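Written out below as structure tokens is the structure these notes cover.
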Amino acid sequence: MFRKKDREFVLALGGGGARGLAHIGVLKVLQREGIKVKALAGTSMGAVVGAMFAYYDDAIQVEELFRKFLSSKFHETFGRTFFLLSENPDTFMEPNKTIRRLGRGYVYLKAASSSAVFSREILSDTLHCLLPDLHFSDLRLPFICVATDLVTGKEVVLRRGKVIPALVASSCIPGIVEPVKIGSSLLVDGSTTSTVPVTAARAAFEGKLIAVDVTMELKRDNEPESAFEVAMRAGEITNFHHTQVLLSQADFRIRPAVGRTNWANFDRLDEMIRAGELAAKKSILRLID
């Protein structure tokens with residue numbers, strides 16, 4: 001028989017936009033198998049799913065709320081436009097597609113005259129569809145999320161105050177959603193410093209740590225032709241190797257087969273959740289061994 005404490009884990013949920021929906025599948029399997037989540041740390045979409053689970057303590061409810069939001073009028077009329085541009089970094093790999101949808105003049109003018117194309121209120125309104133207005137102290141499970149300070153270049157761990165502003169800060173894609181000003185810090189997406197918040201989770205919580213990685217797979221690619229493609233490919237390689245260093249600090253890794261699913265492809269909700277479930281099922285024996 002396994003002792004109860006042997007089935008308790010801290011989770012570090014990584015960023016990845018729509019690929020982060022796989023976290024829901026991982027959480028569903030852990031709950032189904034009686035494996036307790038004692039605390040969570042999240043980056044970007046991992047922070048959103050993590051905060052929802054920390055509040056509802058029910059992966060099925062998290063899934064249902066996402067389904068409801070993705071079929072809502074708000075998402076149809078506003079969310080889709082936001083997500084089409086926010087394909088970090090895929091939007092910029094296919095600029096013609098984005099420009100056709102939103103208009104070259106608007107995007108260029110907005111980007112040149114302000115710190116981002118979209119205001120952070122758009123992201124805040126979206127999150128209010130998934131969570132009530134609450135504080136960290138209202139959560140049922142301990143939870144932190146990470147953001148990046150553009151001024152100091154350091155990772156910032158958010159754990160106090162209101163939850164939704166913290167999630168906005170953790171999810172503000174640089175150049176797409178305007179940064180969040182908190183005190184002297186100017187905060188953007190936590191994936192800039194930690195695609196998977198393993199270091200922050202280690203520092204904040206005791207216990208065995210599971211890192212869930214939903215970053216895009218690094219595959220052999222065609223030889224880049226333009227300077228832009230060279231820079232983007234180099235950035236992709238850097239991000240991959242940095243993530244591997246972070247993952248090496250975890251006790252266990254779960255890697256859902258998300259492939260190269262686009263950041264903005266939220267229509268693949270079922271596929272991403274299934275990928276999370278399959279990956280978690282394969283890891284169960286290692287977790288309780």
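Residue pairs whose Cβ atoms lie under 7 Å apart, sitting 6 or more positions apart in sequence or on different chains, and linking a residue in region 52-70 that is farther than 19 Å from Phe136 by Cβ to a partner that is among the aromatic types (Phe, Trp, Tyr) and assigned to a helix (DSSP H, G or I), are Ala59/Phe53; Leu70/Phe266. All of Arg220, Arg233 fail the test of being more than 30 Å from Arg7 (Cβ to Cβ), in a loop (DSSP other than H, G, I, E, B) and modelled with pLDDT under 75, apart from Arg220.
Only one of Leu269, Leu278, Leu287 is touching a residue at least 60 places away in the same chain (Cβ under 8 Å), open to solvent by less than 50 Å² (accessible area, probe 1.4 Å), part of a helix (DSSP H, G or I) and more than 26 Å from Leu167 (Cβ to Cβ). Can you tell me which? Outline the logic, then answer.
Working: Leu269 fails: more than 26 Å from Leu167 (Cβ to Cβ); Leu278 fails: open to solvent by less than 50 Å² (accessible area, probe 1.4 Å).
Criteria check complete, one pass: Leu287.
In region 182-192, of all residues being touching a helix residue (DSSP H, G or I) at 6+ places or on another chain (Cβ under 9 Å) and free of Cβ contacts under 8 Å to residues at least 60 places away in the same chain, the one that is surrounded by the fewest Cβ atoms within 10 Å (Cβ to Cβ) corresponds to Ile182.
Take His128 and tell me if it is open to solvent by 20 Å² or more (accessible area, probe 1.4 Å) and more than 20 Å from Lys38 (Cα to Cα). The answer is yes for His128.
Quick check on my filter: what residues within region 253-266 are within 22 Å of Phe9 (Cβ to Cβ) and open to solvent by less than 40 Å² (accessible area, probe 1.4 Å)? Within region 253-266, Ile254, Pro256, Val258 qualify.
Scanning region 137-169 for residues that are closer than 22 Å to Asp58 by Cα and small (Gly, Ala, Ser) turns up Ser137, Ala166.
Give the residue, chosen from Phe136, Phe118, that is out of contact with any Cys (no Cβ under 8 Å at 6 or more places or on another chain), at pLDDT 90 or above, aromatic (Phe, Trp, Tyr) and surrounded by 15 or more Cβ atoms within 10 Å (Cβ to Cβ). Break it down into steps so the answer makes sense when it comes.
Working: Phe118 fails: at pLDDT 90 or above.
Step by step, each of Phe136, Phe118 is checked, and only Phe136 is out of contact with any Cys (no Cβ under 8 Å at 6 or more places or on another chain), at pLDDT 90 or above, aromatic (Phe, Trp, Tyr) and surrounded by 15 or more Cβ atoms within 10 Å (Cβ to Cβ).
Identify, from the list Thr199, Thr152, Thr195, Thr148, the residue that is of a type in the set (Ser, Thr, Tyr) and in a strand (DSSP E or B). Step through it out loud before you land on a result.
On the way: Thr199 fails: in a strand (DSSP E or B); Thr152 fails: in a strand (DSSP E or B); Thr195 fails: in a strand (DSSP E or B).
Of Thr199, Thr152, Thr195, Thr148, the one residue that is of a type in the set (Ser, Thr, Tyr) and in a strand (DSSP E or B) is Thr148.
Within region 158-172, being outside any loop (DSSP other than H, G, I, E, B), open to solvent by 50 Å² or more (accessible area, probe 1.4 Å) and touching a residue at least 40 places away in the same chain (Cβ under 8 Å) holds for one residue alone: Pro165.
Yes/no matrix, rows are residues, columns are (1) hydrophobic (A, V, I, L, M, F, W, C); (2) open to solvent by less than 10 Å² (accessible area, probe 1.4 Å):
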{"position": "Phe9", "(1), (2)": "yes, yes"}
{"position": "Gly20", "(1), (2)": "no, yes"}
{"position": "Val26", "(1), (2)": "yes, yes"}
{"position": "Leu30", "(1), (2)": "yes, yes"}
{"position": "Lys38", "(1), (2)": "no, no"}
{"position": "Gly50", "(1), (2)": "no, yes"}
{"position": "Phe53", "(1), (2)": "yes, yes"}
{"position": "Asp58", "(1), (2)": "no, no"}
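The values are calculated or read from the model by the stated rules, or taken from the named source; none is laboratory data. Every value quoted in this text rests on a predicted model; they were computed, and no experiment measured them. FYI the Cβ positions are ideal-geometry reconstructions off the backbone, even for glycines, and counts take in every protein chain you see. We work out accessible area using only protein heavy atoms, side chains counted, and drop any ligands, DNA or RNA first. Shrake-Rupley method; radii C 1.70, N 1.55, O 1.52, S 1.80 Å.
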